[in-house]
Amino acid sequence: MLGEYRIEGRRASEIVASVERAVGAGELRPGEHLPPLRGLAERLGVNANTVAAAYRTLRERGVIETAGRRGSRVRAGPASAAREAIGVEAPPGVRDVAKGNPDPALLPPLGSALAAAAARADRAPVLYGAPPLSEELDRAARAGFARDGVPADRITVTSGALDAIERVLAAHLRPGDAVAVEDPGWASFLDLVPALGLRTAPVPVDDDGPLPGPVGRALRQGARALVVTARAQNPTGAAVSAARAGELRAVLAAHPDTLLIEDDHGDGIVELPPHPLAGATRHWALVRSTAKAYGPDLRLAVLAGDAVTVDRVHGRLRLGPGWVSHLIQDTVAWLWSAGAVDPEHVARSYGARRRALIEALAARGVAAHGRSGMNVWVPVPDETGAVARLLHAGWAVAPGARFRLAAPPGVRLTVSALGAPDIAPLADAVAEALRPPAARRYA
């Protein structure tokens, strides 16, 4: 237990810091058991209540979990060690298809948009007490929601999709509540849930989104929230189909008190239309961010939801950052209204690359998934071996461990950096990496 690492501290906060430091540095590894509460208290010379308070804080922060009579252990994905750290760095000469970034060539130039926003700010500077949404963004966002059948009586704006999701969860849930999450799913979100002191209830995903049966089971077992990716699911590329949306609505009808969150970060980069679940429960939110279509540094997402949810999110924003900069809001509104980006062209470009890679893999006997967005998910029997062999072959891919809870192993390939000449060499490398050892060729 704990190997050579010794937990230190006289106060609960010091014990917490000691454990978090060790987990972050890899000295305490996932699954490793912590000392029994009374045993650690005796060794540190402190009251057992002090250690109990420290362990409680560590559980609420998502660093450790209670394993029944076996005591406490480091979580499989501790919040102190972000999943983004699970991966490989692409050394010189290795092509990186792991990062998940958009293609810079498909992002709009920002000069004119920023200049227009600055000119507007010069004419009428935003001062304390101004509305949280700029008029231009409010108008453009509502038009987009109305186009896709999303009720938009109440909307607000946050600093990106994950900020919006965190605020919605915090507005309704308390530490210890369970959240039904897609598995595999977005790595950053899977880190966020335990960091908020919440529990994950993994739900399998196919090409059409979360499976209705497991969703219903998770809700019957007490999950208080469900988070669904509308399109361009990360990492599998799943997109909720019309049929699947109907099935999920039927499940949610039996659980009307479920907090429903839809992440539509694929807006502007996906050829498929959304099939929103908005309004299927009493409390809901649909989030659209600008990161993939307009650039990750435009930290903005618009959120539509029921009145209680939006008011709670807006109220908490007012007490903290106050508002999202109107300069950023007006920049995004200008991009939306000025036609600076042709979303159909962007979506076609990502779609063509994604389909070409999936077809090339299929021709080599490799099954892959990627119904929408910029990622392709390849199930593999040996994740560590596949990643290592692909790196040796000159390709850095994202290990599926970054995205999985209970799902089988796989690797994620991002097509953003691929041109037509890259498809066949990458497909060859993947096929070779997945061959049985006896059939594998070695240079």
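What follows draws every value from the coordinates through simple rules; no lab data is involved. Not measured: the values here are computed from a predicted model. Cβ: placed from backbone, ideal geometry, glycine included. Neighbour counts: every protein chain shown.
Taking 0.36 nm per residue of sequence separation and subtracting the Cα-Cα distance, how much length would be gained by fully extending the chain between Ala76 and Ser241, in nm to one decimal?
Between Ala76 and Ser241, full extension yields an extra 56.2 nm.
Give me Glu20, Glu262 ranked fewest to most by other Cβ atoms within 10 Å of their Cβ, as a rough exposure proxy.
In increasing order of surrounding Cβ atoms, one gets Glu20, Glu262.
In what order do Arg231, Arg123 fall by count of nearby beta-carbon atoms within 10 Å, going from fewest to most?
Arg123, Arg231
Distance from the Cα centre of the stretch 315-373 to that of the stretch 1-74, in angstrom?
If you average the Cα positions of each part, the centres end up 41 Å apart.
At what distance in angstrom do the alpha carbon centres of the stretch 135-157 and the stretch 190-250 lie from each other?
Centre-to-centre distance over Cα atoms comes out at 24 Å.
Based on the alpha-carbon gyration tensor of the stretch 249-379 and its eigenvalue square roots a ≥ b ≥ c, which shape applies: rounded if a/c is under 1.5, prolate if not and a/b is larger than b/c, or oblate?
oblate
Specify which residue in the list Ser18, Thr57, His33 is farthest towards the positive end of the charge dipole of the stretch 12-74, using unit charges on the beta carbon of Lys, Arg (+1) and Asp, Glu (-1), about the Cα centre.
Positive-end residue among those listed: His33.
Using unit Cβ charges (K, R positive; D, E negative) and no other charged atoms, how large, in debye to the nearest 20, is the dipole of the stretch 111-338 about its Cα centre?
Result for the stretch 111-338 is approximately 540 debye, rounded to the nearest 20.
Across the chain, where is the longest run that never hits chymotrypsin sites (Phe, Trp or Tyr not before Pro) in a DSSP loop with at most 11 other C-beta atoms within 10 Å?
By the stated rule (loop sites, at most 11 other Cβ atoms within 10 Å), 129-441.
Just how large is the dipole of the chain about the Cα centre, in debye to the nearest 20, putting +1 at every Lys and Arg Cβ and -1 at every Asp and Glu Cβ?
That gives the chain a dipole magnitude of about 1140 debye.
With runs of 4+ DSSP H residues as the only contributors, calculate the mean residue ellipticity of the chain at 222 nm using -39,500 (n - 2.57) per run, divided by the residue total and rounded to the nearest 500.
Using -39500 (n - 2.57) per qualifying helix, the result is -12500 deg cm²/dmol.
Give the shape of the chain as rounded, prolate or oblate, defined through the alpha-carbon gyration tensor: a ≥ b ≥ c are the square roots of its eigenvalues, a/c under 1.5 means rounded, and otherwise the shape is prolate if a/b is larger than b/c and oblate if not.
It comes out oblate by the Cα gyration axes.
Let me check against my output: what whole-number percent is the relative contact order of the stretch 111-338, with C-alpha pairs under 8 Å and at least 6 apart?
Reported relative contact order: 27 percent.
Kindly list the residues of the stretch 297-338 that lie in the label zone of Asp257, defined by a backbone N under 19 Å from the point 7 Å along the Cα-to-C-beta vector.
306-309
Normalising by the residue count of the chain, find the relative contact order in percent from Cα pairs under 8 Å and 6+ residues apart.
18
Between Arg123 and Ala105, how many nm apart are label points set 7 Å from Cα along the C-beta direction?
3.7
If you average the sequence gap of Cα pairs under 8 Å that are 6 or more apart and divide by the length of the stretch 264-391, what percent do you get for the contact order?
24
Under the rule a/c < 1.5 gives rounded, and otherwise a/b versus b/c splits prolate from oblate, where does the stretch 194-242 land using the Cα gyration tensor?
Oblate is the answer for the stretch 194-242, as a/c is 1.5 or above yet b/c matches or exceeds a/b.
Gain in length, Ala52 to Ser337, computed as 0.36 nm per residue apart minus the alpha-carbon separation, to one decimal in nm?
97.1 nm
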